[in-house]
Amino acid sequence: MSRIFSRNCKMYHAAALSSTDYAGATWVEMPMVQTASTANAADELEWTSRGGNGYGQFDAGVKDGTVTFTIIEDPAAEGYDELLAAYNDASPIALAEMNGDESTVGTVGIAGNFVITNFGNQREVRGHSVIDVTAKPNEYIGEYEVTV
């Protein structure tokens, strides 16, 4: 069993996708990302009946897939302008939140077109100014596993 170290996880951007051919996109790493998380929860669809022997009965519904991440505020950093433009224009941007390098076979993550719904600043007295980004699934969302 191989453990995944958070320091090896990476975030990428690309031009908006027109299919789920994630391997065909030109992914560019965004090194200013500090933390990232993906909401992998699905809606719970309850259909409890008397036949459940006293237990609730559920199906899984629509998956969330929201990616939230924090970036160091650096307008010169790779991906900053693209994220800001996607937010300001309400236009989709292709993102891939991966558990390793996008060129390494076996690396997995979520990828697709996302819309940026939050681009909020945090300016603490100490440390760098950071931006909390929320990316909501738009289209062509799915699991991306590097196979070649």
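Side notes on the structure shown:
- Selected residue (criterion: farthest from VAL115 (Cα to Cα)) from residues of segment 79-97 that are in contact (Cβ under 8 Å) with a residue 60 or more places away in the chain and charged (D, E, K, R): GLU97
- Residue check, GLU102 of a type outside the set (A, V, I, L, M), closer than 18 Å to LEU17 by Cβ and in a strand (DSSP E or B): no
- Considering residues of segment 59-79 that are in contact with a Pro (Cβ under 9 Å, 6 or more places away or on another chain) and of a type in the set (Gly, Ala, Ser) only, the residue surrounded by the fewest Cβ atoms within 10 Å (Cβ to Cβ): ALA77
- Taken as a whole, the structure leaves GLU97 outside the set of residues that are charged (D, E, K, R) and either modelled with pLDDT under 95 or surrounded by fewer than 19 Cβ atoms within 10 Å (Cβ to Cβ) (or both).
- Enumeration of residues in segment 22-36 that are surrounded by fewer than 19 Cβ atoms within 10 Å (Cβ to Cβ), touching a Lys or Arg at 6+ places or on another chain (Cβ under 9 Å) and at pLDDT 95 or above: GLU29
- Single unsatisfied condition, PHE119 versus (1) farther than 19 Å from SER18 by Cα; (2) in contact (Cβ under 8 Å) with a residue 12 or more places away in the chain; (3) out of contact with any helix residue (DSSP H, G or I) (no Cβ under 8 Å at 6 or more places or on another chain): (3)
- Single condition THR48 does not satisfy, out of (1) surrounded by 13 or more Cβ atoms within 10 Å (Cβ to Cβ); (2) outside any strand (DSSP E or B): (1)
- Flag for THR147 being out of contact with any His (no Cβ under 8 Å at 6 or more places or on another chain), farther than 29 Å from SER18 by Cβ and in a loop (DSSP other than H, G, I, E, B): no
- Listed conditions (1) under 29 Å from THR147 (Cα atoms); (2) surrounded by 12 or more Cβ atoms within 10 Å (Cβ to Cβ); (3) modelled with pLDDT under 95; (4) not aliphatic (A, V, I, L, M) are all met by GLY106, apart from (2).
- Which numbered condition GLU82 fails, given (1) assigned to a helix (DSSP H, G or I); (2) surrounded by fewer than 16 Cβ atoms within 10 Å (Cβ to Cβ): (2)
The values are calculated or read from the model by the stated rules, or taken from the named source; none is laboratory data. Keep in mind it's a predicted model, so treat the numbers as computed, not measured. In this analysis, Cβ positions are derived from the backbone assuming ideal geometry, glycine residues included, and neighbour counts consider all displayed protein chains.
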